1. Heavy-atom accessible area per residue, region 136-183, 1.4 Å probe: how many Å²?
2. Dipole size in debye (nearest 20) for the chain around its Cα centre, Lys and Arg Cβ +1, Asp and Glu Cβ -1?
3. For log10 I(q)/I(0) by the Debye sum over Cα atoms at q = 0.10, 0.12, 0.13, 0.15 Å⁻¹, the choices are [x] -0.49, -0.69, -0.80, -1.03; [y] -0.47, -0.65, -0.75, -0.93; [z] -0.42, -0.61, -0.72, -0.96; which was calculated from the structure?
4. Specify, per residue and in Å³, the volume enclosed by the convex hull of the alpha carbon atoms belonging to region 1-42.
5. Once R0 is set to 35 Å, what does the formula 1/(1 + (r/R0)^6) return for the Cβ-Cβ distance between residue 101 and residue 183, expressed as a FRET efficiency to the nearest 0.05?
6. Using the Cβ atoms and a cut-off under 15 Å, what net charge is assigned to the surroundings of residue 50, where Lys and Arg are +1 and Asp and Glu are -1?
7. Using Cα pairs closer than 8 Å and at least 6 residues apart in sequence, work out the relative contact order for region 1-118, in percent.
8. Say the cut-off is 28 Å between C-alpha atoms; which of 44/135; 122/156; 82/168; 90/135; 82/171 go over it?
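The values are calculated or read from the model by the stated rules, or taken from the named source; none is laboratory data. Just so it is clear, the model here is predicted, and its values are computed rather than measured. Cβ coordinates were reconstructed from backbone atoms using ideal geometry, including for glycine residues, and neighbour counts include every protein chain displayed. Heavy atoms of the whole protein, side chains included, go into the accessibility calculation; ligands, DNA and RNA do not. Shrake-Rupley method; radii C 1.70, N 1.55, O 1.52, S 1.80 Å.
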Amino acid sequence: MRSYFGEHRNSNSFLYQRIRQIRGMNYGDYAYIEYFPRGMYQTKPDANLGRSEQIFQIWLRPLRSNNDAHFATRVAQYELDKLIENGMSKEDFESTRNFLTNFVPQMVASQDRQLGYALDSKFYNTDEFVAYVRKQLASLTVEDVNRVIRDNLQNKNIHYVFITGDAKDMKARLANETVSPLKYNAENQNHLLMKIR
């Protein structure tokens, strides 16, 4: 689900397509289930960041203005709500599973990464990383993923963090549920606009 919704630096991910590709808004729109320090400088997460609790985060970065940030946040929230309600489609599931099956060897493409993931496998008491992930992906079903989405994702208790040059304006926008229409610098792009509750 995380890979489909917002694989780091992957233009095939859903949020990337909905916010950057279709609307041309920003640099990146990603989702994470692991901590990803130094993500700005690399395409794959580091090994050896063992944890006992999972996280789920969405990052939208950077945007030109508070209006754009507000609009992109509303798009991401809208798409997350739809994902929680409807889950992944069978086609999206199959496509993402195929991508991950072929992508996972790239996670251990160097000796230092092989060693790092071998240590992680010991920490988590799992088999060798690539074999373990591929075996789990092969047995996974879209129903499994959608059950996990329903059981673990929610939209009632979300924390937002904004980094902006005008925090007072952003606070007022959010507190007042201000309308945030998207404005383009080019000719009218009304076909790209979408209504958001």
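1. Normalised by residue count, the accessible surface of region 136-183 is 80 Å².
2. On the way: 27 positive and 23 negative charges, 95 e Å.
I would put it at about 460 debye.
3. Step by step, log10 I(q)/I(0) by the Debye sum over Cα atoms at q = 0.10, 0.12, 0.13, 0.15 Å⁻¹ for this structure corresponds to label [x].
4. Cα-based convex hull of region 1-42, divided per residue, equals 58 Å³.
5. 0.25
6. Summing Lys and Arg as +1 and Asp and Glu as -1 gives -2.
7. 25
8. As for pairs spanning more than 28 Å Cα to Cα, those are 122/156; 82/168.
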